[in-house]
Amino acid sequence: MTHYRSLLDHEFLGAFDLQRDGKGIEVTITIGKVELTECFDPKTNEKGKKLCIVPAERPERKFALNKTNADLIAALHGTDADKWVGKKITLYPAQTAFGKRREDCIRVKVPEEVIRDSPTIRSRVRAKLLAEIGWTAVQPKSREERQE
């Protein structure tokens, strides 16, 4: 079952694009391009520039980044957006508060194979996630410190 909104002509990815048979799915994409795109902002009811990712696999649909998703990608792949090209991220559908309503949205997470293959990324993402809940990462003690 395909969500009807995914069949309409859209410039941007929506949470409805991440569904199969009425259930949300995770999709890992490769970042093909990072650009500023003019789009409508529902908070201000005006057009403005938005940071977008163009997936290499589906360049006709851009993924507009909000602060949460952009911060996670920066924690994962560094703050230089030009260096995000060629990197992988996983998108999944979720819900977020929009005023007093709950709205469908897309969230970003680290692809499993990236976490498995990179200890540096594992530690960066762990520190970011701990910071979001107000904790700090504690460095493990060295062998000498443990023996004291």
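Okay, here's what the table says:
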{"item": "Calculated FRET value between residue 44 and residue 74, using beta carbons and R₀ = 35 Å, to 0.05", "result": "0.90"}
{"item": "Ranked list, fewest to most other Cβ atoms within 10 Å of each Cβ, for 46, 26", "result": "46, 26"}
{"item": "Stretch gain in nm, segment residue 112-residue 20, where the contour uses 0.36 nm per residue and the Cα spacing is subtracted", "result": "31.1 nm"}
{"item": "Gained length - residue 61 relative to residue 10, 0.36 nm times residue gap less alpha-carbon distance", "result": "17.7 nm"}
{"item": "Per-selection metrics, the range 4-111 (Cα): Rg and Dmax in Å", "result": "13.6, 38"}
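Throughout, read-outs are computed from the coordinates displayed, never taken from laboratory work. The model shown is predicted, which means the values in this text are computed figures rather than measured ones. Positions of Cβ are backbone-derived with ideal geometry, glycine not excepted, and every protein chain shown enters the neighbour counts.
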